[in-house]
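Below is one structure; the comments refer to it alone.
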Amino acid sequence: MKGAVDLDILIPEAKLSARVLELGSEISHVFRGGEPPVMVCVLKGSVVFLADLVRAMDIDVNVDFMSISSYSESRSSSGVVRIVKDLETDLTGRDVLIVEDIVDTGLTLHYLRRTLSARDPASLRTVTLLDKAVRRIIPVELEWSGFEIPDTFVLGYGLDHEGLYRNVSDLIVVPDIAHLVAEPRMYVAPLWPNAAPT
Ligand code: IMP
């Protein structure tokens, strides 16, 4: 706990990085000996995980980025998704690995898997750092999952609220989401006492 606002750490940095090392080793093992897999990073939340994951791998890989946006204005996914930035890589005949930060209802990943499998990859797999399995609306295949977490809003390690907190090294829990919605910068001072006030 720092400052007036409690910072509840769900998964500390050391535990995140130990698990990412394990995932990197397991994933390398599966793809070893083949063509480099195309790791599809779903912007923006997955960037931090991707950056650590690729460096935990000991095979050659390609990386590409995709940005999708939900039509829903709320934090909950509507499943109606639009591609904002598409991949530059032709996936035909390639081994593809979707790199997700978190799977919640599963609607976003379901859409992504359907879209990418229509591009005729040789194989399509998914790794997610976090899995909120209890929230699932639609079943989705997850070949690798870092941590199963409860139905709670989390921030840090790439995950944001209103674009903030992606650069927190631990995964933190938001016990009072209404408070955060009312005060999006409520964790800024406790996290970074020297950050300039707005
Ligand atoms: P899904 O379509 O419901 O599976 O939603 C997946 C997306 O919802 C993720 O890629 C995140 O952008 C967002 N999301 C879900 N839960 C959280 C959370 O606890 N913190 C931050 N973003 C979340």
Which residue fluctuates the most in the chain, going by a Gaussian network model with Cα springs under 10 Å, if the choices are ARG19, ARG32, ARG94? ARG32
Using the eigenvalues of the Cα gyration tensor, what equivalent ellipsoid semi-axes result for the range 14-149 when each is taken as the square root of five times the eigenvalue, whole Å, largest first? 22, 19, 13
Relative contact order [Cα under 8 Å, 6+ residues apart], the range 14-149, whole percent: 22 percent
Cα centroid distance between the range 86-134 and the range 142-161, in Å? 16 Å
Compute the distance in nm between two label points, each set 7 Å from the Cα along the Cα-to-Cβ direction, one at GLU22 and one at ALA195. 3.1 nm
How high is the relative contact order of the range 135-180, in percent, counting Cα pairs under 8 Å that sit 6 or more residues apart? 30 percent
Once both axes come from the Cα atoms, what is the angle between helix 13-31 and the longest principal axis of the chain, in degrees from 0 to 90, rounded to 10? 10 degrees
Longest principal axis of the chain (C-alpha) makes with the long axis of helix 107-117 (C-alpha) an angle, in degrees to the nearest 10, of 20 degrees
Anyone know which of VAL38, VAL20, VAL84 comes out most mobile in the 10 Å Cα GNM of the chain? VAL84
Given a 1.4 Å probe and the protein chains all in place, what does the accessible area of SER169 round to, in Å² to the nearest 10? 50 Å²
Linear extension gain, ILE83 paired with ILE177, 0.36 nm per residue minus alpha-carbon span: 31.1 nm
Per GNM of the chain with C-alpha springs under 10 angstrom, the most fluctuating residue out of ASP95, ASP58, ASP131 is ASP58
Residues of the chain: accessible area per residue at 1.4 Å, in Å²? 50 Å²
On the accessible surface of the chain, probed at 1.4 Å, how many percent belong to carbon and sulfur atoms? 52 percent
Where does the chain land at 222 nm, in deg cm²/dmol rounded to the nearest 500, when only DSSP H runs of n ≥ 4 count, each adding -39500 (n - 2.57), divided by all residues? -7000 deg cm²/dmol
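The values are calculated or read from the model by the stated rules, or taken from the named source; none is laboratory data. Remember, it's a predicted structure, so these values are computed and weren't measured experimentally. All Cβ positions, even for glycine, are placed from backbone atoms using ideal geometry, and neighbour counts span all protein chains on display. The protein model used for the area step is the full one, side chains on, heavy atoms only, and it has no ligands, DNA or RNA in it. Shrake-Rupley method; radii C 1.70, N 1.55, O 1.52, S 1.80 Å.
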